[in-house]
Amino acid sequence: MKIFFDTSVLVPALVDSHPNHEKAFPWLSKVIKADVIGVISTHNLAELYSILTTIPINRTVTTLEIYYLINETIVSNFEKIELITSDYKHVLELLSKNNIRGGTIFDALIAHAAKKAKVEKLLTFNVRHFQRVYPAIAEIIEEPI
């Protein structure tokens, strides 16, 4: 099974003190064990770094430790989907036609990457956001349980 991971799942999977860690970590483990194919957008890497270097956790983590965590755990185990100009144009057109504004574009870009990757499931803790901004894949958007 090919599964796309939103950053909202990757962060708690990597941060054991996060309230959603117990729901997210088993999915990351499945990717590492190669029980499923994990997919992310290259944009997720930047978003993940941004969040992990600013999230308050129980101990001080250096930016170099964050880099290694992302590289060793995510980059080396996940298939990466790159978006090109035509992908961005498609998402911009979709959102503008549906009068959707603001930062929601980032969820739409991730949903578009999931569609492009032809995944069977998109895991997120923001199911409603994704279904609203990218209804074409609403049926595959799920929260980890």
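Quick rundown of the values:
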{"item": "Kirkwood Rh, angstrom, the stretch 2-142 [1 / mean 1/r, Cα pairs]", "result": "15.4"}
{"item": "Extension gain from Ser86 to Thr53, taking 0.36 nm per residue of separation minus the Cα-Cα distance", "result": "8.8 nm"}
{"item": "Fraction of the pair-distance distribution of the stretch 65-107 above 15 Å, Cα-Cα pairs, percent", "result": "59"}
{"item": "Selected from Asn99, Ile137, Phe125, residue furthest toward positive end of dipole (the chain; charges at beta carbon)", "result": "Asn99"}
{"item": "Per-selection Rg to Rh, the stretch 61-136 - Cα, Kirkwood hydrodynamic radius", "result": "1.04"}
{"item": "Choice from Thr124, Thr85, Thr54 showing the highest fluctuation, given a GNM over the chain with Cα pairs closer than 10 Å", "result": "Thr85"}
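Each value in this text was obtained by applying a stated rule to the coordinates, not by laboratory testing. The structure presented is a predicted model; accordingly, all values stated were derived computationally and were not measured. Quick reminder, even Gly has a Cβ in these numbers, built from the backbone with ideal geometry, and neighbours come from all protein chains shown.
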